[in-house]
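J.: Structure incoming, see below.
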Amino acid sequence: MLETKWLYLILNAFTISFPLIRSFESKVAYYKGFPSLFKSMAIVSGFFLVWDIWFTEMGVWGFTPEYLSGIALFGLPLGEYLFFITVPFACLFIYECMRYFFPDGLLKPSGARYVSVFLLLLCAALGAYSVVEGLWYTGSTFVLLGLFTAYTQYVVKATWLPRFYESYLPCLVPFFIKNGILTGSLLASQVVWYNNAENLGIRLGTIPFEDIFYGMLLVMGTVHFYEKFEATR
């Protein structure tokens, strides 16, 4: 089943299937936030797609045709465009479920500040190292994540940060499954390949270390605009 040109599309379908079906369940009522969610994804996923097109052209990463439908635009396969819809959709569903099941939260604001400080120190160290070494994927990921973390924690003082941090942990479970397959787990090759000259070369299984923080930036940005739009709804 995995060795098919429809694999990337199948993975996207699995990613969104359960959250989409449960979106209209009355308790979480995820569907009520769809207008805010779709506007947020248009902004954040739009930015990531431009970044994706640029890095694909640079050879920072690329795609194996055997696992693609053949439909592409600006050098990106259809599955890649859907990735930036299905992943934020599923992660925001988890975010809203955490809000419902743990209304008082699991992580206090003081704990979130410690997480932010840790992220900022990590981003500063790896960002500086990557700029010196010319590692485009590592550098861009950690510099942008560091800047956005500092902005949300210290400039806008986002009250949703504790909820985001505690929600991102369960998001990593489907992340490791999907990204593991995309990067070659259980496959003869890889759906998405990475040029190790542009990253740290550290893999968690088959997944580049940077992917965890690239995904964090994607979801954090989406939550930021989602909460902003929800506050004015």
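J.: Which one, VAL50, ILE212, ILE94, projects farthest toward the positive side of the charge dipole computed for the range 7-231 from Cβ point charges (K/R +1, D/E -1)?
T.: ILE94
J.: While we're looking at this one, here's another question. For the range 21-126, rounded, prolate or oblate, judged on the Cα gyration tensor with a ≥ b ≥ c (square roots of eigenvalues), a/c < 1.5 rounded, else prolate if a/b > b/c?
T.: oblate
J.: Whole angstrom only: what separates the Cα centroid of the range 107-186 from the Cα centroid of the range 197-233?
T.: 6 Å
J.: One-quarter of the Cα convex hull surface for the chain, in nm²?
T.: 12.6 nm²
J.: With only Lys, Arg, Asp and Glu charged, each at its Cβ (+1 for the first two, -1 for the last two), find how big the charge dipole of the chain is about the Cα centre; round to the nearest 20 debye.
T.: 800 debye
J.: May I pose another question? With the dipole of the chain worked out from charges on the C-beta (+1 for Lys and Arg, -1 for Asp and Glu) around the Cα centre, which of ASN195, GLY59, ALA29 lies farthest toward the positive end?
T.: Going by the charge dipole, the pick is ALA29.
J.: For every other residue with a beta carbon closer than 11 angstrom to the beta carbon of GLY180, add +1 if it is Lys or Arg and -1 if Asp or Glu, then tell me the sum.
T.: Value of the local net charge: +1.
J.: Can I ask one more? So for the range 169-232, considering every pair of alpha-carbon atoms, how many percent are separated by more than 17 Å?
T.: Here the tail beyond 17 Å accounts for 49 percent of pairs.
J.: Still on this model: Amide H neighbours of LEU204 under 5 Å, at least 5 residues apart or on other chains, H built in the peptide plane: list them.
T.: PHE209
J.: Once the Cβ-Cβ distance between ALA188 and SER110 is put in as r, and R0 is 41 Å, what FRET efficiency do you end up with, to the nearest 0.05?
T.: According to the calculation, E is roughly 0.25.
J.: What is the calculated FRET efficiency for LYS228 to ALA72, with r their C-beta to C-beta distance and R₀ = 25 Å, to the nearest 0.05?
T.: 0.15
J.: Okay, next question. Between ILE53, ILE85, ILE94, find the one with the highest GNM mean-square fluctuation for the chain; connect C-alpha pairs within less than 10 Å.
T.: Maximum among the listed residues: ILE53.
J.: Summing -39500 (n - 2.57) over the DSSP H runs of n ≥ 4 in the chain and dividing by its residue number, what mean residue ellipticity at 222 nm do you reach, to the nearest 500 deg cm²/dmol?
T.: So the calculated ellipticity at 222 nm is -22000 deg cm²/dmol.
J.: Compute the signed sum of charges (Lys and Arg +1, Asp and Glu -1) over the other residues within less than 15 Å, Cβ to Cβ, of ARG233.
T.: Charge balance near ARG233 sits at 0.
J.: Any idea how far apart ILE202 and VAL156 come out in nm if each label point goes 7 Å out from Cα toward Cβ?
T.: Placing both labels 7 Å beyond Cα along the Cβ direction yields 2.8 nm.
Taken together, the values in this text are just the output of simple stated rules run on the coordinates, not laboratory data. All values derive from a computational prediction rather than experimental measurement. All Cβ positions, glycine included, derive from the backbone under ideal geometry; neighbour counts span all protein chains shown.
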